[in-house]
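The values are calculated or read from the model by the stated rules, or taken from the named source; none is laboratory data. Fair warning: this is a prediction, and the values are worked out from it, not measured in the lab. Quick reminder, even Gly has a Cβ in these numbers, built from the backbone with ideal geometry, and neighbours come from all protein chains shown.
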Ligand SMILES: [Zn+2]
């Protein structure tokens, strides 16, 4: 078991799900639900390491893709650094500069960055994260 990667395990379970899915009925096989839960558990235990390929950023172990949001202003020099680093690695992201959105999402300073459901709140953490992303 230990020599199999998370990625292989997930691929295997996804293949099993595909076999179990019956297009002629909308009834969900309980085994499918179980397999989907297994995949979710594998992903939540994964120590995600992200890589950029084909315009998407995803974990190289479990395949989880993430959305990246950079909270910034036009004039902040640290925001410029974050943006430059993201662009240099071709990491896809969206920029957010709307104060109302900041307030709604609890953003109290910039730059900050959302990596899926995880928030990075300093340029130091943002830089560290970007540096660790692999480019394929
Ligand atoms: Zn992962």
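Some observations on this one:
- Selected residue [within 14 Å of the chain's Cα centre (by Cα) and either at positive phi or not assigned by TED's automatic domain parsing to the domain that holds residue 127 (or both)] from 32, 52: 52
- Residue selected from the stretch 64-75 under the condition buried (at least 16 other Cβ atoms within 10 Å of the Cβ) and more than 16 Å from residue 135 (Cβ to Cβ), by the criterion nearest to the ligand (Cβ to nearest atom): 64
- Flag for residue 31 being in a helix (DSSP H, G or I), touching a helix residue (DSSP H, G or I) at 6+ places or on another chain (Cβ under 9 Å) and away from the ligand (no atom under 16 Å from the Cβ): yes
- Each residue in the stretch 97-132 was checked for being touching a strand residue (DSSP E or B) at 6+ places or on another chain (Cβ under 7 Å) and surrounded by fewer than 11 Cβ atoms within 10 Å (Cβ to Cβ), and 0 pass.
- Note on the stretch 41-51: among residues that are in a helix (DSSP H, G or I) and surrounded by fewer than 12 Cβ atoms within 10 Å (Cβ to Cβ), the one that is farthest from the ligand (Cβ to nearest atom) is 41.
- Residue under evaluation residue 82, criteria (1) surrounded by fewer than 17 Cβ atoms within 10 Å (Cβ to Cβ); (2) touching a residue at least 12 places away in the same chain (Cβ under 8 Å); (3) over 20 Å from residue 54 (Cα atoms), criterion not met: (1)
- Counting only residues that are under 21 Å from residue 117 (Cβ atoms) and not in a helix (DSSP H, G or I), the stretch 72-92 holds 3 of them.
- Test for residue 95: is it modelled with pLDDT of 95 or more, more than 16 Å from the ligand (Cβ to nearest atom) and either in contact with a helix residue (DSSP H, G or I) (Cβ under 7 Å, 6 or more places away or on another chain) or part of a helix (DSSP H, G or I) (or both): no
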